[in-house]
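A short write-up of the structure that comes next.
The values are calculated or read from the model by the stated rules, or taken from the named source; none is laboratory data. Keep in mind that what you see is a predicted model, and the values were worked out from it rather than measured. Quick reminder, even Gly has a Cβ in these numbers, built from the backbone with ideal geometry, and neighbours come from all protein chains shown. Side chains included, ligands, DNA and RNA excluded: accessible areas come from the protein's heavy atoms. Shrake-Rupley method; radii C 1.70, N 1.55, O 1.52, S 1.80 Å.
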Number of protein chains: 2
Amino acid sequence: MLATRNAGKIAELSRILADVGGGVEIVGLESFPDAPDVPETGLTFADNALLKARAIADCTGLPAVADDSGLAADALHGMPGVLSARWAGKHGDDVANLELLLGQLADVSERGAAFVCVAALVLPGGSGEWSATGVLAGTLTRAKRGSNGFGYDPIFVPEGLPVTTAELAPAEKDAISHRGRAFRAIAPLIAARA
Amino acid sequence: MLATRNAGKIAELSRILADVGGGVEIVGLESFPDAPDVPETGLTFADNALLKARAIADCTGLPAVADDSGLAADALHGMPGVLSARWAGKHGDDVANLELLLGQLADVSERGAAFVCVAALVLPGGSGEWSATGVLAGTLTRAKRGSNGFGYDPIFVPEGLPVTTAELAPAEKDAISHRGRAFRAIAPLIAARA
């Protein structure tokens, strides 16, 4: 059970679990039309991932996996963080969020940042909770480059690469992404417990 | 020498210094039309206050006092912080900054915050640097209240008070303000060294 309606995430976690072995089948939230939309009220990625996974495990009676992720800028003490998708004040306006961040950091020379993802696994009935963190470290550009990906991809250059994550092909990004790293880190637990 | 063109700040520091004694005369930046406009590129209030005081001490050959201040929200790990005046991406748009912060924290129950000011004293010729911090702790409201003050005053309720700092009379705010606290903390150093 993966707490998402995002087909890309379901496919990615299914591929990663197939590599780990264990024969677990991942089903997405779209199979449970009554599943609650869980507000992301936590102050950390782990808080939010666990909130979502707990709510879905409670509702479905199945082991639930959820993730929360975002961009942590060093000059902003780790923010936008859990507010990455609503940084400009409204949920999901990628362009406004990115333009706001560029404006805030216009005079700031500290460009260090990281994409961070926490994946959480919650078993139903309070019988177990785990979380795992994946990090992709890098720096922030001063202007957008590339048109792949979403969110802050056009201004994020991963450590050791000459391009932004929006200039990588989807498969190249998947191979190094914070989400992939978090999913791979929690996959053995899913295979063993779910 | 106070690194500001703000007459209110000059009068406030002069009053505080008169209380401490020492007979130091405070002159503002408007007496030095060639003084540089120092970009606030630091990552901390102390960085910026020292940057400004150093630049003015270098330029005028006088002991220089400068301050930097802002709002530190617990849920944002201390941000807007040094970016308080340009949080919405453009310098000095108080309404946009405040509305953005309210939007970012709309789903967030952690409302703790503090107004923080760091005052710095720099002697010319590299003969000494000091800084002092003043803090006013409180909480953030979910809607604006009051029309005094500026910046985030309409959404900041000081600890122990039933009103926002925008609902306080100017003299009441001065008596508890982060800037007053920082100026009082550095005043004995100014009286002794300047």
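Could you work out [θ]222 nm for chain B from helices alone, using -39500 (n - 2.57) per DSSP H run of at least four and dividing by all its residues? Round to the nearest 500 deg cm²/dmol.
Taken over chain B, the calculation gives -10500 deg cm²/dmol.
Quick one: in chain B, whose Cβ comes closest to the B/A rotation axis, and how close in angstrom?
B:H77, 2
Using a probe radius of 1.4 Å on protein heavy atoms only, what is the accessible area buried between chains A and B, both sides summed, to the nearest 100 Å²?
It comes to approximately 1700 Å² buried between A and B.
What relative contact order, as a whole-number percentage, does the range A:7-193 give when Cα pairs under 8 Å and 6 or more residues apart are counted?
21
Work out the FRET efficiency for B:A18 and A:D34 from their Cβ-Cβ distance, taking R0 = 56 Å, and round it to the nearest 0.05.
Efficiency, rounded to the nearest 0.05: 0.20.
Put A:R181, B:R86 in order of accessible area, largest first, 1.4 Å probe: what do you get?
Result, largest first: A:R181, B:R86.
State in Å² the accessible area per residue of the range B:92-194; use a 1.4 Å probe, count heavy atoms of protein chains only, and round to the nearest integer.
42
Report in % the part of the accessible area of the protein assembly as shown that belongs to carbon and sulfur, leaving out ligands and nucleic acids; probe 1.4 Å.
54
When all protein chains stay in place, what accessible area (Å², nearest 10, 1.4 Å probe) is found for A:I176?
Its accessible surface works out to 40 Å², give or take rounding.
For a quick check of understanding: with a 1.4 angstrom probe and all protein chains in place, what accessible area in square angstrom does B:K144 have, to the nearest ten?
Estimated to the nearest 10 Å², B:K144 gives 100 Å².
For the range A:74-182, state which GluC sites (Glu not before Pro) are in a DSSP loop and have at most 16 other beta carbons lying within 10 Å of their beta carbon.
Those satisfying the criteria are A:E110, A:E159.
Taking the Cα of A:L123, stepping 7 Å toward and past its beta carbon, and measuring to each backbone N in the range A:1-40: which are under 18 Å?
Backbone N within reach: A:1-2, A:22-25.
At 7 angstrom along the Cα-to-beta-carbon line, where would the label on A:H77 sit relative to the other copies? Give the distances in nm, shortest first.
Label-point separations across copies, in nm and ascending: 0.9.
How far, in nm to one decimal, is B:D19 from itself in the other copies if the label point is set 7 angstrom along Cα toward Cβ? Shortest first, please.
Label point to label point, same position, other copies: 6.4 nm.
Anything over 31 Å Cα to Cα? Flag those among B:K52/B:K173; A:K144/B:K173; A:K90/B:K52; A:K173/B:K144; B:K90/B:K144; B:K9/B:K144, in the order listed.
Result: A:K144/B:K173; A:K90/B:K52; A:K173/B:K144 exceed 31 Å.
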